[in-house]
2 protein chains.
Amino acid sequence: MQSKNRQFKLASRPNGLPNDMNWSFSEEPIPSLIDGEFLVKVKYISLDPAMRGWIREGKSYTPPVKIGEIMRALGVGEVIESKHSGFAVGDFVSGIFGVQAYAKSKGDMVNKVYPTIAPLPVFLSALGMTGLTAYFGLLDVGELKSNDTVVVSGAAGAVGMMVGQIAKLKGNKVIGIAGGKDKCKYIVDELGFDAAIDYKNENVKQALQKQCPNGIDLYFDNVGGDILDDALSQLAMHARVVICGAISQYNSTTIKGPANYLSLLVNRATMKGFLVFDYSQKFPQAIKEMAAWIASGKIQSKEDIVVGIEKFPSTLLKLFSGENTGKLILEV
Amino acid sequence: MQSKNRQFKLASRPNGLPNDMNWSFSEEPIPSLIDGEFLVKVKYISLDPAMRGWIREGKSYTPPVKIGEIMRALGVGEVIESKHSGFAVGDFVSGIFGVQAYAKSKGDMVNKVYPTIAPLPVFLSALGMTGLTAYFGLLDVGELKSNDTVVVSGAAGAVGMMVGQIAKLKGNKVIGIAGGKDKCKYIVDELGFDAAIDYKNENVKQALQKQCPNGIDLYFDNVGGDILDDALSQLAMHARVVICGAISQYNSTTIKGPANYLSLLVNRATMKGFLVFDYSQKFPQAIKEMAAWIASGKIQSKEDIVVGIEKFPSTLLKLFSGENTGKLILEV
């Protein structure tokens, strides 16, 4: 065990893309425990587009990280010391442990995970919030049917690749929008999407018209911006648009609203936002089902793991430049 | 009976606001009938924001009016000649008769109306598509409950004033957004809205914060643009946003999309478009209920009637300048 905790704290709020000046790295003593607490040695830290929202000032679904606070992050790790009756040394756990090497916890919103079921990083991707976001966004919010034409943006990203695979196994036609030939090839050849649209090299609107001649029944949006507008222009009657995220807009000071929103009226369509935490009562059942899909090879989980907690600032930026394929994770 | 039919045809497609050059007025012989047809002497013509959409080129929920065609319009009138077994001379009818003094019909989408129930113009407002749009938009699409905070834009317009009154009689708190002191006074003093926001003289966002301290549960949008964004910024959790129209945008070449749409995500809210024609099976029941509300004084219908079919081009513009209060109707 190293004798020091290593942490990233929020030093200032970014304008646009976060840069090194927005973070402060520090070494601190490993916290000591009081009764009811346990200590987690964090092994893997989840990097999520939502982090950009967490450091923005103002009202949102959760209070912003304060200046000087440890950066909020999901993680998985091992309990190495415990004064808590529910968690024993040697347990593996997932929770909101922050961007740090050691985290003290009282067990709130902490779940045990089992490396016998899947490698630890998978509990941050397919079997974590990422997979659950895809699962509930698609099945519950999007009311996925079969024989739907489903389009997902950010299709080679952590949530998008799960969305596409679940939609496929439920018997739908799935088109993914991703940036670059490699990602497009990957989602079609490896993940079984019916088609991919390379937004960096294709006219997305025309490609959607070609790939979805009868319109889009379900559009799962991770990106916002022009791609959302392109998808809105090609909706089928009674289409459902699931707003999961808007990564193209997170670093902008002004958000581009969807100019084609009146397509909702013309097509009697619905646009719906959601947060996965609202489904926490149903998480165990969903994880069980997802684990079975992974075990049977129906769904693949893919992690893009960067080693070294000190690389947090630069690694986070990979999300916004679109460099990662699959779930971006920092290995402590 | 005058010996000539008088008609407005679409001469060219407008850029921005329609002007006199976009219409051609002509006098034509009154059409003669073949078997299965009847002749309607049109008494009142409905002027609707949707008309701007009908003369726009491109795909929508209904094909655009072609250049040289009689301008599409709803109307009510009297059958003055008939070779149709279902419609007799002396019947009063509503239907899509166009902007003309006499219309030939085969009876498609024509309904009989009864001046004993209400004055003829009311069958274009509270008991016509206008009232039905409010009724189904609010009760079905918006899933109106009671004890909701309901906000409606275009609140002194034909649909808006019905929305507010129905929401009130169902036991909700209702705030209307309208332009000018007279309209605001009217919807509060005469129609019983709880409050009005004068968008021409108030900061709408701040006024919504004040009037809706717990957020907006149901927002019924007739206008789009900045007011839609202001409403989105003040949604309550699980809010429903009903997209009925976007009159502020109809004459623009570029539509302003709602930049605050991510409020749907934060608040787990839904934005939904609809068209009243989809509810045609339920029209008779709805009209019966609305007629009872009118008869008992629970709901007021208000028409803004301009006399003279020749005034069609200038009267239509009153919709977009916000000059009318209540349902704008042309008396032939």
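Just so it is clear, none of the values below were taken in a lab; they were calculated from the coordinates. None of the values given here were measured: they were computed from a predicted structure. Don't worry about glycine lacking a Cβ; one is built from the backbone with ideal geometry, like all the others, and counts go over all protein chains shown.
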Task: Lysine pair number, Cα distance threshold 30 Å (strictly under), the stretch B:238-332, separation 8 or more or different chains - done: 22
Open item on the list: If the elastic network links every pair of Cα atoms under 10 Å, which of B:Gly131, B:Gly180, B:Gly245 fluctuates the most in the Gaussian network model of chain B?
Closed with: B:Gly180
Task: Charge dipole of the protein assembly as shown about the Cα centre (unit charges at C-beta), most positive-ward option of A:Gly308, B:Thr133, A:Ala196 - done: B:Thr133
Open item on the list: Suppose a student asked you for the relative contact order of the stretch B:236-332, using Cα pairs under 8 Å spaced at least 6 residues apart; what percent would you report?
Closed with: 25 percent
Open item on the list: So the label point sits 7 Å from Cα along the Cα-to-Cβ vector; using that for A:Ile96, what distances do you get to the other copies, in nanometres, sorted shortest first?
Closed with: 5.3
Task: Nearest 10 degrees, 0 to 90: helix B:312-321 Cα axis against chain B principal axis - done: 0 degrees
Open item on the list: Once the label point is set 7 Å along the Cα-to-beta-carbon vector, what list of distances in nm do you get between B:Thr253 and its counterparts in the other copies?
Closed with: 2.8
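Kindly identify the stretch B:175-311 as rounded, prolate or oblate by the Cα gyration tensor criterion: order the square roots of the eigenvalues as a ≥ b ≥ c, call it rounded if a/c is under 1.5, otherwise compare a/b with b/c, prolate if a/b is larger, else oblate. List each step's numbers first, then the result.
Details: a/c = 1.41, a/b = 1.33, b/c = 1.06.
Rounded is the answer for the stretch B:175-311, as its axis ratio a/c remains below 1.5.
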Task: Point-to-point label distance, B:Val307-A:Lys170, nm (Cα→Cβ direction, 7 Å offset) - done: 6.1 nm
- [ ] Could you please point out the chain B residue with its Cβ nearest to the axis of the rotation taking chain B onto chain A, and the distance in whole angstrom?
- [x] B:Gly257, 2
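Within a 10 angstrom radius of the beta carbon, how do A:His238, B:His84 rank from fewest other beta carbons to most?
Values: A:His238 12, B:His84 19.
With the sparsest Cβ surroundings first, the list reads A:His238, B:His84.
Enter the per residue convex hull volume of chain B, computed from alpha-carbon coordinates, in Å³ rounded to the nearest integer. Let's see the in-between values first.
On the way: hull volume 42.9 nm³, N = 332.
Taking only Cα atoms, chain B has a hull volume of 129 Å³ per residue.
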- [ ] Based on other C-beta atoms within 10 Å, arrange B:Glu78, A:Glu81 from fewest to most.
- [x] B:Glu78, A:Glu81
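Give, rounded to the nearest 20 debye, the magnitude of the charge dipole that the protein assembly as shown has about its Cα centre when Lys and Arg contribute +1 at Cβ and Asp and Glu contribute -1 at Cβ. Don't jump to the answer; show the numbers that get you there.
Working: 72 positive and 66 negative charges, 27 e Å.
That gives the protein assembly as shown a dipole magnitude of about 140 debye.
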- [ ] Provide the gained length on full extension for the span A:Met21 to A:Ser85, in nm with one decimal, where the gain is 0.36 nm per separating residue minus the Cα-Cα distance.
- [x] 19.0 nm
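Rounded to the nearest 5, what % of DSSP beta bridges with both residues in the protein assembly as shown are antiparallel? Mind showing how you got there, number by number?
Numbers: 67 of 121 bridges.
About 55 percent, rounded to the nearest 5.
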Open item on the list: What distance in nm separates the two pseudo spin-label positions at A:Asn201 and B:Lys4, each 7 Å out from Cα along the beta-carbon direction?
Closed with: 6.6 nm
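Evaluate the protein assembly as shown: find the radius of gyration of its Cα atoms, find its Kirkwood radius, and give the ratio Rg to Rh.
On the way: Rg = 29.3 Å, Rh = 27.6 Å.
Reported Rg/Rh (Cα atoms, Kirkwood Rh): 1.06.
I need to check one value: relative contact order of the stretch A:24-173, counting alpha carbon pairs closer than 8 Å and at least 6 residues apart, in percent. Provide the component values of the computation, followed by the final result.
Working: 239 pairs, mean separation 30.2, N = 150.
Answer for the stretch A:24-173 is 20 percent.
How would you rank B:Phe277, B:Phe312, A:Phe193, going from fewest to most other Cβ atoms within 10 Å of each one's own Cβ? Write down the numbers at each step before the final one.
Details: B:Phe277 14, B:Phe312 22, A:Phe193 26.
If I rank by nearby Cβ atoms, fewest first, I get B:Phe277, B:Phe312, A:Phe193.
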Task: GluC sites (Glu not before Pro) restricted to DSSP loop in the stretch A:24-75 with at most 10 other C-beta within 10 Å - done: A:Glu57
Task: Candidate aspartates and glutamates for bridging to B:Lys59, where Cα separation is under 14 Å - those fewer than 8 sequence places away on the same chain excluded - done: none
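Which of B:Lys145/B:Lys183; A:Lys41/A:Lys104; A:Lys41/A:Lys83 have a Cα-Cα distance over 19 Å? If you can, show how the numbers build up before the last one.
Details: B:Lys145/B:Lys183 26 Å; A:Lys41/A:Lys104 9 Å; A:Lys41/A:Lys83 15 Å.
With Cα atoms farther than 19 Å apart: B:Lys145/B:Lys183.
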Task: Antiparallel %, DSSP beta bridges [both residues in chain B], to 5 - done: 55 percent
Task: Overall Cα dimensions of the stretch B:113-158 - principal axes, largest extent first, Å - done: 35, 20, 16
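Under the √(5λ) rule applied to the eigenvalues of the Cα gyration tensor, what semi-axes describe the equivalent ellipsoid of the stretch B:127-230? Give them in Å, descending. If you can, show how the numbers build up before the last one.
Numbers: eigenvalues 71, 45, 33 Å².
Whole-Å semi-axes of the equivalent ellipsoid: 19, 15, 13.
Report the charge-dipole magnitude of the stretch B:250-332 in Debye, nearest 20, computed about the Cα centre from +1 at each Lys and Arg Cβ and -1 at each Asp and Glu Cβ. Present the calculation step by step, with values, prior to reporting the outcome.
Numbers: 10 positive and 7 negative charges, 80 e Å.
About 380 debye.
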- [ ] Can you pull the one-decimal nm distance between simple spin-label points at B:Asp108 and A:Leu139, each 7 Å off the Cα toward Cβ?
- [x] 4.6 nm
Open item on the list: Using a 7 Å offset from Cα along the direction of the beta-carbon, what are the separations from B:Glu69 to the same position in each other copy, nm, ascending?
Closed with: 5.8
- [ ] Give the shape of the stretch A:47-152 as rounded, prolate or oblate, defined through the alpha-carbon gyration tensor: a ≥ b ≥ c are the square roots of its eigenvalues, a/c under 1.5 means rounded, and otherwise the shape is prolate if a/b is larger than b/c and oblate if not.
- [x] oblate
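About its Cα centre, how strong a charge dipole does chain B have in debye, to the nearest 20, once Lys and Arg get +1 and Asp and Glu get -1 at the Cβ? Display every interim value, and only then the final one.
On the way: 36 positive and 33 negative charges, 57 e Å.
The dipole magnitude comes to about 280 debye.
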Task: Nearest 10 degrees, 0 to 90: helix A:283-295 Cα axis against chain A principal axis - done: 70 degrees
